[in-house]
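Below: the structure, in structure tokens.
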Amino acid sequence: MTDGDAPLHAIRLIAENRKGALRDIATVVADHGANILMIHQETFDSGPMAGLGELYFEYEEAPDPGLLIADLCQIPCVCSAMACDPFSLIYGSRVIIIGGGAQVAQVALGAVNEADRHNIRGERISVDTIPLVGEESLGVAVDAVARLPRASILVLAGSLMGGEVSEAVDRVKEAGIPVIALNMAGSVPDHADLVVTDPIQAGVFAVMHVSSKARFDIERVKGRRF
């Protein structure tokens, strides 16, 4: 659900990869009064779908979703269009873990175990990880977190991070995404919202913050080290 409990809908659409296709699709969506909240587009260069593209978008405020799909199917370049569940209902909020392989694995262990405890009771929390090395690679990856759909919290897991990574952490926090860091060398711990020594506990904290039912709130312990 979106703000105000407005129903959230999603459509997966297959269309010809040609100029003007996105314009025609957007025109029909606008004519139905729908407000697009998120969109993902991908084209296929080989295989049975070569020359086609996939368009997935989530929207609200369309008075008749079925009629919207029917009208989209009338566009000459559109091959098919079908309603589907929004990613927020399937995968839910995302915990992002970035850093060194061994540390990432331990944080993920705590996060996945905690997420399982919540999801089995009806919540939806997913965990995404990527092990990386090098200040430049880490900085670019951290910056990209602010652009990831449904990213709710970032955990930085490593032995040494600073410089460009610390600057990227500040930008992620400005985008409204809290950051947990392991107790490591470098300046990143000074920029994170919370510093945790035990990687498994860091993963647990991250999920507890994202959960709508847990009592843990990172704002209450902001700036502390555990």
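The values are calculated or read from the model by the stated rules, or taken from the named source; none is laboratory data. Values in this document were obtained by computation on a predicted structure and should not be read as measured data. Glycine also receives a Cβ, built like all others from the backbone with ideal geometry; neighbour counts cover every protein chain displayed.
For the reader, a short list of remarks on this structure follows.
- For the stretch 54-79, a residue qualifies if it is touching a helix residue (DSSP H, G or I) at 6+ places or on another chain (Cβ under 7 Å) and closer than 17 Å to residue 20 by Cα, and the qualifying residues are 55, 71, 72, 75, 77, 78.
- Residue list for the stretch 42-70, restricted to those being over 21 Å from residue 31 (Cβ atoms) and among the acidic types (Asp, Glu): 42, 45, 54
- Helices (runs of 4 or more DSSP H) within the stretch 99-212 that include 3 or more residues among the charged types (D, E, K, R) and out of contact with any Leu (no Cβ under 7 Å at 6 or more places or on another chain): 101-119, 135-145, 164-174
- Screening the stretch 20-97 for strands (runs of 3 or more DSSP E) wholly inside it with 2 or more residues that are within 30 Å of residue 155 (Cβ to Cβ) and not small (Gly, Ala, Ser) returns the ranges 35-43, 52-60.
- Criterion violated by residue 215 - all others in (1) farther than 27 Å from residue 38 by Cβ; (2) part of a helix (DSSP H, G or I); (3) not hydrophobic (A, V, I, L, M, F, W, C) satisfied: (2)
- Selected residue (criterion: modelled with the lowest pLDDT) from residues of the stretch 201-220 that are surrounded by 16 or more Cβ atoms within 10 Å (Cβ to Cβ) and either not small (Gly, Ala, Ser) or not assigned by TED's automatic domain parsing to the domain that holds residue 109 (or both): 218
- Residue 132 within 30 Å of residue 11 (Cβ to Cβ), of a type outside the set (Phe, Trp, Tyr) and in contact (Cβ under 8 Å) with a residue 24 or more places away in the chain: no
- Checking each residue in the stretch 159-177 for being crowded, with 21+ Cβ neighbours inside 10 Å and without any contact (Cβ under 8 Å) to a residue 60 or more places away in the chain picks out 165, 166, 168, 169, 172.
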